[in-house]
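*Asks:* Got a structure here, written out as structure tokens. Questions coming.
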Ligand SMILES: NC(=O)c1ccc[n+]([C@@H]2O[C@H](COP(=O)([O-])OP(=O)(O)OC[C@H]3O[C@@H](n4cnc5c(N)ncnc54)[C@H](O)[C@@H]3O)[C@@H](O)[C@H]2O)c1
């Protein structure tokens, strides 16, 4: 269970792209805590300098401010690297509908540049962030790899293309790639601010600030909200996965199902508040229900998540109370 017992060769070097963001900074921290070296590549477009400052004094940490849209930058960043954890991308379904060209350049060409650089520099394993959005309008639950529907947004297209490109790099160039189909990740350092913030940190901050959160739709949508520690475990275990599991994508979730309304009232209760939410229109491109079958990741990667939603949300609330 967990990742405390994962072991890599001494002096292993990990490159975390998007390492100044929410998931990336947590990956950097976990790798440093395990005693290995991390290089973080981030253009700080949605990430934060404060997520770099946290580690900058650690001799095992190196920061490159750069853009994965630039192949030369990717090549330099991959120099001497054993494992790539490619997290750099822009999230948000609604923003991708507003900016399709940027999502293609940033999320598809950027990842393709990273795959090419990793191949040329002889990286051992290339683990990359995909998303549950690749299931699109597939109605059956739980979502299972190999049963995907029509894509509902440019963001989903970008993640699906990344998976297809990664498969090509395994097939033709022998680069071991593993796609992490994250399902609604939450936890410390996730940005609560801005129009495109994820729902859990946004609601916690609004409630703490005395604002009234707005639920898009009727609140009866459900998601497999996944605590960050499980995502760290999946990434590290994918780096140790056998070659036979390469060229594939895996659901990375807890395997539970939480309704937005229940989360809302759980948060108000935990914060000792009695505030009714506002309700707004449904968001274009959103799916109503999403929960994951995680048996493939368990089988192929040895993924065995030990942070339930309840355990994770308690930890997240505590963190926001202390850090907002
Ligand atoms: N958070 C989730 O619930 C979730 C769910 C599914 C998939 N994902 C994926 O996981 C990854 C990390 O997401 P996150 O929630 O940590 O988002 P985030 O915005 O906090 O982190 C993304 C990081 O990538 C950096 N970045 C973006 N474009 C870049 C570029 N061209 N060059 C260099 N750096 C760049 C940003 O500055 C930021 O630091 C993304 O690929 C995202 O699509 C996240």
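No value in this document is a laboratory result; all are computed from the given coordinates. All values derive from a computational prediction rather than experimental measurement. With ideal geometry, Cβ positions are generated from the backbone for all residues, glycine too; neighbour counts draw on all protein chains shown.
*Asks:* By average Cβ neighbour count within 10 Å, what is the ranking of 107-118, 263-274 from highest down? Don't skip to the answer; put the middle values down first.
*Replies:* Working: 107-118: 23.5, 263-274: 14.6.
Ranking the peptides 107-118, 263-274 by packing returns 107-118, 263-274.
*Asks:* If the viscosity is 1.306 mPa s and the temperature 10 °C, what Stokes-Einstein diffusion coefficient in µm²/s follows for region 178-324 when Rh is the Kirkwood radius over Cα pairs? Intermediate values should be presented prior to the final figure.
*Replies:* On the way: Rh = 16.2 Å.
The estimated diffusion coefficient comes to 98 µm²/s.
*Asks:* Go ahead and estimate [θ] at 222 nm for the chain from helices alone: -39,500 (n - 2.57) per DSSP H run with n ≥ 4, summed, over the residue count, rounded to 500.
*Replies:* Working: 12 runs with 121 residues, N = 324.
Theoretical 222 nm ellipticity from helices: -11000 deg cm²/dmol.
*Asks:* Say each of residue 208 and residue 322 gets a label point 7 Å from the Cα, pointing the same way as Cα to Cβ; how far apart are those two points in nm?
*Replies:* Roughly 1.2 nm, to one decimal.
*Asks:* Can you bin region 21-120 into rounded, prolate or oblate? Criterion: square roots of the alpha carbon gyration tensor eigenvalues sorted a ≥ b ≥ c, rounded for a/c under 1.5, prolate for a/b above b/c, oblate for the rest. Numbers along the way, then the final one.
*Replies:* On the way: a/c = 2.24, a/b = 1.39, b/c = 1.61.
It comes out oblate by the Cα gyration axes.
*Asks:* Could you give the distance between the Cα centres of region 1-18 and region 148-195, to the whole Å?
*Replies:* 21
*Asks:* Here's something else I'd like to know. For the chain, what relative contact order do you get, as a whole percent, if you take Cα pairs closer than 8 Å and at least 6 residues apart? Can you show the working numbers first?
*Replies:* Numbers: 661 pairs, mean separation 57.6, N = 324.
Contact order relative to length: 18 percent.
*Asks:* Still on this structure, I have one more. Considering only the chain, what is the antiparallel percent among its DSSP beta bridges, to the nearest 5? Display every interim value, and only then the final one.
*Replies:* Details: 2 of 39 bridges.
Percent antiparallel among DSSP bridges in the chain is about 5.
*Asks:* Counting pairs of alpha carbon atoms under 8 Å apart in space and at least six apart in sequence, what relative contact order in percent does region 96-204 give?
*Replies:* Numbers: 134 pairs, mean separation 32.4, N = 109.
Relative CO of region 96-204 lands at 30 percent.
*Asks:* For a protection proxy built on the mean count of beta-carbon atoms within 10 angstrom, sort 50-59, 303-312 highest first, please. Provide the component values of the computation, followed by the final result.
*Replies:* Numbers: 50-59: 13.8, 303-312: 17.7.
With the highest mean Cβ count within 10 Å placed first, the list reads 303-312, 50-59.
*Asks:* When N counts the residues of region 99-158, how does its alpha-carbon radius of gyration compare numerically with 2.2 N^0.38 Å, as a ratio? Can you show the working numbers first?
*Replies:* Numbers: Rg = 14.1 Å, N = 60, 2.2 N^0.38 = 10.4 Å.
Normalised Cα radius of gyration, region 99-158: 1.35.
*Asks:* Another question about this same structure. State the Cα centre-to-centre distance between region 203-270 and region 72-94 in whole Å.
*Replies:* 23
*Asks:* Hey, another quick one. With the contact rule set at Cα under 8 Å and sequence spacing of 6 or more, what percent relative contact order holds for region 153-265? Write out the running numbers ahead of the final one.
*Replies:* Values: 136 pairs, mean separation 41.7, N = 113.
So the answer I get is 37 percent.
*Asks:* Could I ask something else about it? Run the quick spin-label model on residue 53 and residue 120: label points 7 Å from Cα toward the beta carbon, then report their separation in nm to one decimal.
*Replies:* Between residue 53 and residue 120, the label points sit 3.5 nm apart.
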